[in-house]
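Encoded as structure tokens, the structure appears first; notes follow it.
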């Protein structure tokens, strides 16, 4: 160990389903360098102190979305959060809130994965192009309409942030509704009417009460609160106009 | 998939929220502080004859109706959501209170305004 | 053959007291709770309208009650809450709008908030100015 290496206490929420009745905190003293992320701290624990600790991770550079966790009760990416910012205080780490705990920091994300499929997250063009016709053309202005919402890395921090999802997991949730909006706003797409069946329901836009904490925690500045809430006016107008003219919703 | 009926209440909530944000503070000050203490406004601003005349004028009726009714409907949806947020299950009873009471008040306000004549 | 699925026993955490977990949630609930006093004020006016419909004596009873220290204290509280409502309303409003562009640049959400707050200030002062000019 290098001279003058600091040590930080990490309190990790443990849960081994085959032996624990409920989760409990276990504290580890982690010797760290100044550039270490929380993820590196967890890897140190697993490598040096307790190989039974389980957690998801992959790219360690905030693009794969695997290492979402609660750090001092705030949804954050482990690889993008640094131990030096908490030192010399203790650091509390737990699995993403609002998801059932599978084991230690690994949460059950089946609900999220299943819901992803529900919103048809792919282009549904009015007229599919044949290969010889080439690609769909799109201006920079058309791209700008959905670009922000396409940067989501499916890290689910917004789900851990969203109390409406926590209170009722039937709500589709911020990230997936933002993705729905991404496709609805794409000039190459013509599938909005199909997707809006979900959008116009309580599980869609109307399950959101504009807490907007999702947008606060998003590591990619997707702003899911904006993606959802900018659809409310169109959905509301369409609610009344649907008997007269069904295409009320703004793009 | 069942369409949400929230739009009805959300539009009312939005109208009430906007109105209260744009002029609510002044109304609260004038009626609740200014007039009673004769501060910045005349003590007689809300005298019976003046208020009756105001409420009998079509524009006065419109303003009184809009302020009372929209403020109540703004609170209706927010309180309904707050009940849900606190884990109080938003069943038929909650709906009856949160939306039934403002509806009752809307009818009452319309009735009293029309009753005062023109 | 062993069934590893039997060993799974996902643990669901409670949502009790969720709003205490972060100051952000407390601010959210404060914003939502402003609606309670908006309703209280509307009910005060509603009672005034009712009293007006009952005639001069009844109305003057209501008007007199507004002069009590309790009523004035309550209205000071309501006024503070209305001001917080105005601020929080325009803080959230940009989330309900699609991206706006001015001269090719995207308008930042904070700019929309400040525009709304300034508009509210101007309109509130305008109404106050008009009412202050009424000399019965």
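Okay, here's what the table says:
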| quantity | calculated |
| --- | --- |
| Out of A:57, A:36, sole residue that is away from chain C (no Cβ under 14 Å), under 18 Å from the mean Cα position of the chain (by Cα) and modelled with pLDDT of 95 or more | A:57 |
| Residue check, residue C:24 at the interface with another protein chain (Cβ under 7 Å from one of its Cβ atoms), surrounded by 15 or more Cβ atoms within 10 Å (Cβ to Cβ) and over 22 Å from residue A:229 (Cβ atoms) | no |
| The range A:73-86: number of residues that are crowded, with 17+ Cβ neighbours inside 10 Å and part of a loop (DSSP other than H, G, I, E, B) | 2 |
| Qualifying position, being crowded, with 20+ Cβ neighbours inside 10 Å and more than 23 Å from residue C:29 (Cα to Cα), among B:27, B:70 | B:27 |
| Condition check for residue B:34: assigned to a helix (DSSP H, G or I) and at pLDDT below 95 | no |
| Output for the range B:1-18, where each listed residue is more than 7 Å from chain C (Cβ to nearest Cβ), surrounded by 18 or more Cβ atoms within 10 Å (Cβ to Cβ) and either assigned to a helix (DSSP H, G or I) or touching a residue at least 24 places away in the same chain (Cβ under 8 Å) (or both) | B:6, B:7, B:9, B:10, B:11, B:12, B:13, B:14, B:16, B:18 |
| The range A:210-222, residues that are more than 8 Å from chain C (Cβ to nearest Cβ) and not in a helix (DSSP H, G or I) | A:218, A:219, A:220, A:221, A:222 |
| Given (1) surrounded by 16 or more Cβ atoms within 10 Å (Cβ to Cβ); (2) at the interface with chain B (Cβ under 9 Å from one of its Cβ atoms), index of the condition residue C:94 fails | (2) |
| Criterion: in a helix (DSSP H, G or I), farther than 20 Å from residue A:67 by Cα and touching a helix residue (DSSP H, G or I) at 6+ places or on another chain (Cβ under 9 Å) - qualifying residue of A:178, A:160 | A:178 |
| Count of residues meeting criterion [in contact with a helix residue (DSSP H, G or I) (Cβ under 9 Å, 6 or more places away or on another chain) and in a loop (DSSP other than H, G, I, E, B)] in the range A:34-50 | 3 |
| Per-region count, the range A:1-33, residues closer than 19 Å to residue A:77 by Cα and outside any strand (DSSP E or B) | 1 |
| Failed condition for residue B:99, given (1) in contact (Cβ under 8 Å) with a residue 12 or more places away in the chain; (2) within 22 Å of residue C:77 (Cα to Cα) | (2) |
| Residue check for residue C:74: over 26 Å from residue B:111 (Cβ atoms), touching a helix residue (DSSP H, G or I) at 6+ places or on another chain (Cβ under 9 Å) and at the interface with chain B (Cβ under 9 Å from one of its Cβ atoms) | yes |
| Evaluation of residue A:149 against (1) assigned to a helix (DSSP H, G or I); (2) under 22 Å from residue C:18 (Cβ atoms) (one fails), failing number | (2) |
| Test result for residue A:53, surrounded by 11 or more Cβ atoms within 10 Å (Cβ to Cβ), part of a helix (DSSP H, G or I) and in contact with a strand residue (DSSP E or B) (Cβ under 9 Å, 6 or more places away or on another chain) | no |
| Selection within the range B:13-26 - within 17 Å of residue C:122 (Cβ to Cβ) and in contact with a helix residue (DSSP H, G or I) (Cβ under 7 Å, 6 or more places away or on another chain) | B:19, B:20, B:21, B:22, B:23, B:24, B:25, B:26 |
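Conditions (1) surrounded by 15 or more Cβ atoms within 10 Å (Cβ to Cβ); (2) in contact (Cβ under 8 Å) with a residue 12 or more places away in the chain, marked per residue:
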| residue | (1), (2) |
| --- | --- |
| A:137 | no, no |
| A:146 | yes, yes |
| A:162 | yes, yes |
| A:168 | no, yes |
| A:179 | yes, yes |
| A:192 | yes, yes |
| A:198 | yes, yes |
| A:201 | yes, no |
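The values are calculated or read from the model by the stated rules, or taken from the named source; none is laboratory data. This one's a predicted model, so the numbers in the text were calculated from it and none came from an experiment. Every residue, glycine among them, receives a Cβ derived from its backbone with ideal geometry; neighbour counts consider all protein chains shown.
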